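Peer 1: Got a structure here, written out as structure tokens. Questions coming.
Where a number appears in this text, it was derived from the coordinates with a stated rule and is not lab data. Computed from a prediction, not measured in an experiment: that's the story for all the values here. Positions of Cβ are backbone-derived with ideal geometry, glycine not excepted, and every protein chain shown enters the neighbour counts.
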Amino acid sequence: MSTAPILNVRNLTAVFPDNNGGLRALEDVSFEICPQEFICVLGPSGSGKTTLLRILAGLLKPTSGQVDFGDGRQPRIGMVFQQANLMPWRTAIQNIMLPLELDGVDHASALARAQELMDLVGLQEFESSLPRDLSGGMAQRVAIARALIHDPDLLLLDEPFGSLDALTRERMWTELSRIWQARQKTVIMVTHSIEESLFLADRVLVLTQRPGRIKLDLTADIPRPREDAMRYTPHFGKLAKKLREAIG
């Protein structure tokens, strides 16, 4: 893993206008991320986690501060939301192909790349399935594949498993960890789950109550590949306690 940061966030502040002097969502947030790091952003509701992700995606402009990418160019960004947001009339593989079709990539090339990603996310037998015929976990795997098809420099995940039941969610932790191991993308993922953050991340950033500031930058020094049994080790429990105390 390279030690030169791919992303530098400096003194980021976000204030939304209201009738009471402005709602401060984020204040003076600074951090760096190196290539291929998996970062989870954890914090209480209303701490500005999603606001931070939307600023990084270029969907919102910060009130002040800077977001700089290491080589100075505009990076390719993939984003996955809490809901899969698939086109209901398109099959799974057609949903994955959509970004390439919009960019004018020829059908054969788009299909080949989409098929490769269907294989990566473990949905080889569901290419022709419509979203209504997919489980929640399967739909999110399609959404992750769609976000990866551009070969993004940065993958942003906004609570992608938040709407899933507990057992499916835990299975998806293993799936996402496997996909990350295969592609080694730089990932920033928002979550409310301490266990989820530790199972997936190299580092966990904990935000305070609004306005969100970074209270803790914790290294999740847990061996990879991650296995479910690691969640029950004393070290995992020690890290979880630190996160819980930081959240308050």
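Peer 1: Taking N as the number of residues in segment 96-138, what value does Rg over Cα atoms divided by 2.2 N^0.38 Å take?
Peer 2: With N residues counted in segment 96-138, Rg over 2.2 N^0.38 Å equals 1.21.
Peer 1: Can you tell me what share of the DSSP beta bridges in the chain is antiparallel? A percent to the nearest 5 is fine.
Peer 2: 45
Peer 1: Subtract the Cα-Cα distance of Glu127 and Glu245 from 0.36 nm times their separation in residues, and report this length gain in nm to one decimal.
Peer 2: Extending this stretch completely gives an extra 38.0 nm.
Peer 1: Also, I was wondering about something else. By how many nm would the segment from Asn11 to Leu60 grow when fully extended, if each residue of separation counts as 0.36 nm and the alpha-carbon distance is taken off?
Peer 2: 16.1 nm
Peer 1: Where nothing but the Cβ of Lys and Arg (+1) and of Asp and Glu (-1) is charged, how large is the charge dipole of the chain around its Cα centre, in debye to the nearest 20?
Peer 2: 640
Peer 1: Using helices alone, I'd like the mean residue ellipticity at 222 nm for the chain: each DSSP H run of four-plus residues gives -39500 (n - 2.57), total over residue count, nearest 500.
Peer 2: The per-residue figure over the chain is -10500 deg cm²/dmol.
Peer 1: Given the chain, what count of lysine pairs have C-alpha atoms under 16 Å apart, with each pair 8 or more places apart or on different chains?
Peer 2: Lysine pairs satisfying the spacing and distance rule in the chain number 4.
Peer 1: Right, another one. Using R₀ = 45 Å, calculate the FRET efficiency as 1/(1 + (r/R₀)^6) where r is the Cβ-Cβ separation of Ala108 and Thr174; round to 0.05.
Peer 2: Result of the calculation: an efficiency of 0.85.
Peer 1: Here is a further query. So for the pair Asp165, Gln83, with labels modelled 7 Å out along Cα→Cβ, what separation do we get in nm?
Peer 2: 2.1
Peer 1: Also, quick follow-up: Pick out, from Gly72, Leu198, Ala147, the residue whose Cα sits farthest towards the positive end of the charge dipole of the chain, with +1 on the Cβ of Lys and Arg and -1 on the Cβ of Asp and Glu.
Peer 2: Comparing the listed Cα positions along the dipole, Leu198 ranks first.
Peer 1: Just how large is the dipole of segment 1-141 about the Cα centre, in debye to the nearest 20, putting +1 at every Lys and Arg Cβ and -1 at every Asp and Glu Cβ?
Peer 2: Roughly 380 debye for segment 1-141.
Peer 1: Another question about this same structure. Where a ≥ b ≥ c are the square roots of the eigenvalues of the C-alpha gyration tensor, would you call segment 161-219 rounded, which needs a/c under 1.5, or, failing that, prolate if a/b is larger than b/c, or oblate?
Peer 2: Cα axes put segment 161-219 in the oblate bin.
Peer 1: Below 15 angstrom from the Cβ of Arg244, what's the summed charge of the other residues (Lys, Arg +1; Asp, Glu -1)?
Peer 2: Around Arg244, the charge tally is +2.
Peer 1: Another question, then. So, with +1 on the Cβ of K and R and -1 on the Cβ of D and E, and no other charges, what is the size of the charge dipole of segment 145-248 about its Cα centre, to the nearest 20 debye?
Peer 2: So the magnitude is around 260 debye.
Peer 1: Return one quarter of the surface area of the convex hull spanned by the alpha-carbon atoms of the chain, equal to its mean projected area, in nm².
Peer 2: 14.4
Peer 1: Could you give the length gained by full extension between Glu195 and Glu32, i.e. 0.36 nm per residue of separation minus their alpha carbon distance, to one decimal place?
Peer 2: Between Glu195 and Glu32, full extension yields 56.4 nm more.
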